[in-house]
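The values are calculated or read from the model by the stated rules, or taken from the named source; none is laboratory data. Predicted model, so just to flag it, every value in this text is computed and none were measured. Methodologically, a virtual Cβ is constructed for each residue, glycine included, from the backbone with ideal geometry; neighbour enumeration extends over all protein chains shown. Note: accessible area is taken over every heavy atom of the protein model, side chains too, but ligands, DNA and RNA are not part of it. Shrake-Rupley method; radii C 1.70, N 1.55, O 1.52, S 1.80 Å.
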Amino acid sequence: MHPETASATVATAGQEPLAIICGGGGFPGAVAEAIERRGRRPVMFAVRGWADPKVVARYTHHWIAIGQAGRLFRLARAEHCREGVFIGTLLRPALTQIRLDWQTIRLMPRIAGVFRGGDDRLLSGIARLLEEGGLRIIGVEEVAPEIIVPEGTLGRYEPSPRDRTDIACALDVIAALGPFDVGQAVVVADGHVLAVEAAEGTDNLLLRIAQLRGEGRLTKPAGIGVLVKAPKPGQDRRFDLPAIGPKTVENVARAGLAGLAVAAGSAIVAEPAQVSAAADRAKIFFVGVAGDARR
């Protein structure tokens, strides 16, 4: 396969190829595997500087830079893609970092408008522009429901009543902060909010908890406290769903927490069996909880 692109093939009836617009991490690969198992062909549109070449190399793929809307539309049409999903890590670029093609230049007044606001406004605005270009953006749960976290305990260990109370508290915090477009993760220990995710991301939030514990700045002993991840109220569920992987579990254990909870039906888990096994090895719980920050 050529490193820049791969040849198009014609879709079979009722199984049109799906465009996967790929950011960083392994989640784009998990989505591609899931839709391939369902008999649909993934076409990876890998964002330069973010997507992992090893993840996209297995599939028909094209490399695109941020700002190459015309190239994306042209290649999607050539691949017979009429639907697409966004998946993977991608931080908001500065307008000066966008590499413009002619199609993007024509759209710049509108692009500048969606940049003025939070991430949810930006992503929803980009989706509208893509749909006007002929690429309907859908949610991951529509094409790969098996990687969406179900309700219930996903391992050997159960949250205690205190953990359940902390989970409810964390969901309330996410709901309260949602209008300010603040992150999707909160750490609560015995009713005390220890950390709220901001621009650093979940892994760095957990490393911060571990550092605070190492410095003796946390009064709660190890084994008390939960990480909770849930979408923000009003969030466009086609983008940036909370995601859990084996590394998340390792960092929860390193932070000395009792376990982690995510909003069932509204979060993605890569390698579910490995995540559950990692939680069991660390003797922490992993649970999908009913309801989320919209409640």
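A few points about this structure:
- Computed FRET value (nearest 0.05) for residue 128 with residue 250, which takes r as the C-beta separation and R₀ as 35 Å: 0.40
- Normalised by 2.2 N^0.38 Å, where N counts its residues, the alpha-carbon radius of gyration of region 120-199 equals 1.48.
- Taking amide H atoms as placed 1.01 Å from N in the peptide plane, the amide H of residue 285 lies under 5 Å from those of 259, 260, each 5 or more residues away in sequence or on another chain.
- Sorting 169, 22 by solvent-accessible area of protein heavy atoms yields 169, 22, largest first, with a 1.4 Å probe.
- The packing ranking of peptides 185-193, 238-246, highest mean first, is 238-246, 185-193, where packing means the average number of other beta carbon atoms within 10 angstrom of each residue.
- Residue separation of residue 15 and residue 65 scaled by 0.36 nm, minus their Cα-Cα distance, works out to 15.2 nm of gained length.
- Coordinate range of the alpha-carbon atoms in region 137-295 per principal axis, descending: 47, 35, 27 Å.
- Counted residue by residue at 0.36 nm each, then reduced by the alpha carbon distance between them, the extension gain from residue 38 to residue 165 reaches 41.8 nm.
- Solvent exposure ordering (accessible area, 1.4 Å, most first) of 63, 50: 50, 63
- The simple Förster model, with R0 at 51 Å and r as the Cβ-Cβ distance, assigns residue 190 and residue 82 a FRET efficiency of 0.50.
- Once the C-beta distance of residue 281 and residue 136 is scaled by a Förster radius of 30 Å, the resulting FRET efficiency is 0.15 to the nearest 0.05.
- Entry comment: accessible area of region 128-232 is 46 Å² per residue, from protein heavy atoms only and a probe of 1.4 Å.
- Largest accessible area first, the residues 232, 220, 247, 54 order themselves as 54, 247, 220, 232 under a 1.4 Å probe with ligands, DNA and RNA left out.
- The slack in the chain from residue 158 to residue 146, taken as 0.36 nm per residue of separation less the alpha-carbon distance, amounts to 2.1 nm.
- Relative contact order (%) - region 167-295, alpha-carbon pairs under 8 angstrom, separation at least six: 26 percent
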